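Each reported figure results from applying straightforward, stated rules to the coordinates on display, with no laboratory input. Keep in mind it's a predicted model, so treat the numbers as computed, not measured. Ideal geometry is used to build each Cβ from the backbone, glycine not excepted, and the neighbour counts take in all protein chains shown.
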Amino acid sequence: MLLTRTLPRALAVAVAASLALAVPPGTDAAPDGAAEAGPRPVHEPERRAGGAPYLVGRGIADVTGEPAQTGMMGYADTSQVTEGLHMRQRSRAFIIVDRRTGERVVHVVADIGMFFQGIHDEILGEVRERFGSLYGERNVMLTATHTHAGVGGYSHHNMYNIFSGFFHERTYRAIVEGVVASIVRAHEDLAPARLTVATSRLDNANVNRSRTAFALNPRRDRRFFDDATDTQSTTLRVIRDGRVVGAINWFPVHATSMSTDNHLISPDNKGYAEYRWEEVAGVDHLADRDPRFVASFAQTNAGDMSPNLNLRPSDGPTTDEFKNTRIIGSRQLRAARGADGARAVTGGVDSRTVYVDLDGYEIDGRWTPDGEAATTCAPALGAAFAAGSTEDGGGGLPIFHEGAGGGNPIFDLISNALYTASPALRDCQAPKEILLPVGDLGLASSVVPVQLVRIGDLYLIGLPAEVTIVAGLRLRRAVADVVGVPVRQVLVQGYANHYIHYLTTPEEYDAQEYEGASTIFGRNELPALTQVSVGLARAMRSGRAVPLGAKDDQPTPFADNGLVPADTPPSGGEFGDVTQAPESSYEPGEVVTVAFAGAYPNNDLRHGSTYLKVERLRDGRWRRVADDGDWSTKLHWKRTGSSGSTITIEWQVPGGTPAGRYRIRYFGDARTSGDALTPISGTSPVFHVD
C-alpha cells in the first residue's frame, strides 16, 4: 500500500475514528489453542484417474466493486475515486487434493488490493456453511494481486477505509460472494489431474525501487539477485487427459502500472496476464461456468519490486499507463507460457496455519543478525511512510522524506510527545521516527496469520505482508532447510489472508526507506516471522498438528451512508438515449466512442453480466464480440446535473477485427423510487469496420 498526498486530513480522521471504534462479538473461528480439524471425506464422483495423483478443481467468479464515486485501494489518495470500468476484477480458485490421503488445499488469487482479517473471516464462514470442516483456516489461502486500481472500503479497520470514503457494504459483499463462488466452482470442478512446475528467468518486468536499503544487506544475500532484482518466475500447471487446463504463476512485481491518476477499475498487469491467457484459450467469462482454462498470476516477495522500470510512476517501458499494464502483463504471460524444463510435481498435500501476536513476540537469537534474543514491538508506522514510494505512488507529502529522520521540525514535536508517553515504543522501534502508533490507537491488529502450504514438493509461505526480495530469500532458505528442497521450490506467498504492510530485513529497516518505515512491528519483524515459519515447517515435516491460536475480534467500521439520488433521464429524453453517436466507419486501431443517457452504475454491479456489449452482425444475428471485461473496452461514468448519469463507452477496434457491421449496447439499472430498480438499455447506430 502506497501513501501519497492526503495525510493531514487522513490522520485527523483516523485518530477520530479510533476513538469511536466499537468491538462486535468474537468471530466463529476455532477456540483458542484448538487445532483446526483436518479434511473429512467428501462424496465426489468417481472418475477414472489414468494414474493422476491429484484431484484438481478450478473456478472463476466476479469480485468487481463499485465503479462510481468510491475510493480506490492502494495509493491512499482521496482524489482517486472510481469513475468507470476498464476491466473486471475476478477471483480465481484452485483446489488441489491428494487422492491417497484426502488432504487438500485451496489457493485463491483475487484481483483486489489486499485481504483483511474481517473479510477473510466472512469468506471462510460462508465456505464452512456450505462444506463444513472440509475447508477452513488451515488449508484455505486467500491472496491478492495487490492491484492499486481496485475499489477500496472493505476493511473492518477504519485506517484502511478513510481514503475510500469509509466502509462500502456493496463492494465488501461483491468480494465475499465472488471469492466464495470461485471456491464453490473449483470444488464442483474437481477431477483427476497431474501437476507440473517450471521455473524461468523473467527480465525487464520489475526493478528494485529501494536500492539504498537493499545495499545494506550482507553480500551473501545481495549476490543471489542480479541487478538487485528477483527474476524467478514459477508456473504450476494443471494437466487433464494430456491437456493443460489451468496454471498458477508466481512472480514478484507490484500491480502499480496503473497510476494514482487512473479512475477506472483495473486488475492491472497481473490481471491483464490472467485475462490474456484465458482469452487465448477461448474462455468466455460471461458464458463459461466451467471454463476450459483458468490462469492465476499470484504475488511473491514483491515489496521492493516495481513495474515502473524507469522508477517513476507511469514510466517504464513507456509513459502510457495502459500500455505499461499490457506490456508488463504480457511479459509475465510469456514467461509463464514459455517456461521450459517442467517437471512432474510429486508428493503429498499439506497445510498449517497459526495466529501469532507480534506485539512483544520473543525471538531466539538464531534468527537475529547479531545472534542475540530479541522481541518485536507494538505496531507503528514511521515518518517515511508518509513520504510514499515515489517510484510507484507519485510522491508523498513534501514535508516528509524517506530515510532516517524522515519528519520535519513541526512533526518532531508531535513525535517527541509520543516518545515521552511511550519511551519503550521509541526504543523498540528505533531507528524509526514514529509517525502513528497504529496499535495503541486501535487502527491495526497485532495478531498475524502465518501459513505454510505444501503442494507436492512446492512450498508456499503465506504471509499478510509486502515482503522485500531479501527478506523473502531468508524465509525461503530457512524453510527449505527444514523440508529438504532447493530454495527455488519454496516461495513466499505475499498478500495472504490479511494485511500488515511491509516486511524488510533488519538491515533494510535501518535505512528507514518507505518499506522500512512501513514494517510496523519493528526491526525484528522478519526474525520473528522466520521463527514462526520454521516452526510450521517442522510441524509439517513431523506430521504434527499446530494449534490455530487466538484471533483478534474485528472492530465495526464506519460505513459510507451517503445518499444517492434517484436516477433521472435527461430533460425531454429517456434512459438509454444515445447522446453521442459513433462515426459511420472505423479501421482497426481506432477508438469507437458512444455516449448514453444512463443510470448510476452502483445500483447493480452486474456480476455474471455486463454493462456493455460490442456486437457484430453475422449470418443475420447480432453476436457479442466484446464486453466490459475485455481489454479493448472502457466505460466512463459522469454525473449529469444532480441526478443524471452519462455513460460513455469506448471500444478500441483490435487489430485483425473482421470487416462488417457493428453496434454498441449499454445495459444498466435505474432506481426511480425507493430501492426498486428498473432495467434500462440503449443501442448505438450501426457503424462499419473496414
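Quick one: which of 270/638; 270/634; 323/613 span more than 25 angstrom between C-alpha atoms? Walk me through the numbers on the way to the answer.
Numbers: 270/638 28 Å; 270/634 18 Å; 323/613 23 Å.
With Cα atoms farther than 25 Å apart: 270/638.
Treating the beta-carbon of each Lys and Arg as +1 and of each Asp and Glu as -1, no other charges, what is the dipole magnitude of region 187-290 about its Cα centre, to the nearest 20 debye? Let's see the in-between values first.
Numbers: 14 positive and 16 negative charges, 157 e Å.
Approximately 760 debye in magnitude.
Apply 1/(1 + (r/R0)^6) to the Cβ-Cβ distance of residue 222 and residue 188, taking R0 = 51 Å, and write down the FRET efficiency to the nearest 0.05. Walk me through the numbers before you get to the answer.
Working: r = 47 Å, r/R0 = 0.92.
That gives a FRET efficiency of 0.60.
If you line up the Cα atoms of region 45-106 on their principal axes, what length do they span on each, largest first, in Å?
Over region 45-106, Cα extents along the principal axes are 55, 19, 15 Å.
Taking R0 as 60 Å, what FRET efficiency do you get between residue 643 and residue 133 from their Cβ-Cβ distance, rounded to the nearest 0.05?
Details: r = 49 Å, r/R0 = 0.82.
Efficiency computed from Cβ-Cβ geometry: 0.75.
Could you list 292, 138, 92 so that the one with the fewest beta carbons within 10 Å of its beta carbon is first and the one with the most is last? Could you put the intermediate results ahead of the total?
On the way: 292 14, 138 25, 92 29.
By the 10 Å Cβ count, ascending: 292, 138, 92.
Between beta-carbons, use under 11 Å as the cut-off and find the net charge around residue 648, counting Lys and Arg +1, Asp and Glu -1.
Details: positive: 634, 638; negative: 83, 650.
Spelling it out: positives minus negatives among the neighbours equals 0.
For a quick size check, give me the Cα extents of region 122-281 along its three principal axes, largest first, whole Å.
Its Cα atoms span 50, 49, 33 Å along the three principal axes.
Just need the relative contact order of the chain here, percent rounded to a whole number, with Cα pairs under 8 Å and 6+ apart. Mind dumping the intermediate values first?
Numbers: 1841 pairs, mean separation 110.7, N = 690.
Averaging sequence separation for qualifying contacts and normalising by length gives 16 percent for the chain.
Only Lys, Arg, Asp and Glu count, each charged at its Cβ (+1, +1, -1, -1), so figure out the dipole size of the chain about its Cα centre, rounded to 20 debye. Each step should come with its number before you reach the end.
Numbers: 68 positive and 82 negative charges, 462 e Å.
It comes to approximately 2220 debye.
Please compute the Kirkwood hydrodynamic radius of region 578-689 from all pairs of different C-alpha atoms, in Å with one decimal. If you can, show how the numbers build up before the last one.
Numbers: mean 1/r = 0.0688 Å⁻¹.
Here the Kirkwood hydrodynamic radius works out to 14.5 Å.
State the extension gain, in nm to one decimal, for the chain segment bounded by residue 215 and residue 542, taking 0.36 nm per residue of separation less the distance between their alpha-carbons.
Working: separation 327, 0.36 × 327 = 117.72 nm, distance 3.77 nm.
So the chain would gain 114.0 nm between residue 215 and residue 542.
Does anything in region 296-325 have its amide N under 16 Å from the 7 Å Cα→Cβ label point of residue 79, and if so which residues?
Counting only backbone N, you get 313-314.
From the residues 342, 140, 504, which one has its Cα farthest along the dipole of the chain in the positive direction, the dipole being from +1 and -1 charges on Cβ of Lys/Arg and Asp/Glu about the Cα centre?
Farthest along the dipole direction, towards plus: 342.
Please arrange 435, 443 by counting, for each residue, the other beta carbons lying within 10 Å of its beta carbon, fewest first.
Values: 435 25, 443 22.
Taking fewest neighbouring Cβ atoms as first place, the list is 443, 435.
Test of understanding: what is the full-extension gain from residue 681 to residue 550, defined as 0.36 nm times their sequence separation minus their Cα-Cα distance? Spell out each step's value before the answer.
Numbers: separation 131, 0.36 × 131 = 47.16 nm, distance 5.08 nm.
My answer for the length gained is 42.1 nm.
With n ≥ 4 as the cut-off for DSSP H runs, can you work out [θ] at 222 nm for the chain, using -39500 (n - 2.57) per run divided by the number of residues, rounded to the nearest 500? Walk me through the intermediate numbers first.
Details: 15 runs with 158 residues, N = 690.
Rounded to the nearest 500, it is -7000 deg cm²/dmol.
Binning at 10 Å from 0, report for the chain what percent of all alpha-carbon pair distances ends up in each bin.
3, 16, 26, 27, 18, 8, 2, 0
Just to confirm the number: angle between the C-alpha axis of helix 169-188 and the first principal axis of the chain, 0 to 90 degrees, nearest 10?
Once rounded, the angle reads 80 degrees.
With just the Cα atoms defining each centre, how far is region 550-602 from region 467-501? Give it in Å.
So the two Cα centres are separated by 42 Å.
Starting with the fewest neighbours, write out 86, 187, 285 ranked by other beta-carbon atoms found within 10 Å of each beta-carbon. Display every interim value, and only then the final one.
Values: 86 27, 187 22, 285 19.
Sorted ascending by nearby Cβ count, the order is 285, 187, 86.
Just want the answer: with Cβ charges of +1 for Lys and Arg and -1 for Asp and Glu, which residue in 595, 636, 678 is farthest toward the dipole's positive end in region 578-689?
The residue sitting most towards the positive pole is 678.
What FRET efficiency would be calculated for the residue pair residue 577, residue 284, taking the C-beta separation as r and a Förster radius of 35 Å, to the nearest 0.05?
My answer for the efficiency is 0.75.
Hey, rough spin-label estimate for residue 561 and residue 243, points 7 angstrom out along Cα→Cβ, what's it come to in nanometres?
Here the modelled spin labels are 5.4 nm apart.
Where does helix 7-18 land angle-wise versus the long Cα axis of the chain, in degrees 0 to 90, nearest 10?
Between helix and principal axis, roughly 70 degrees.
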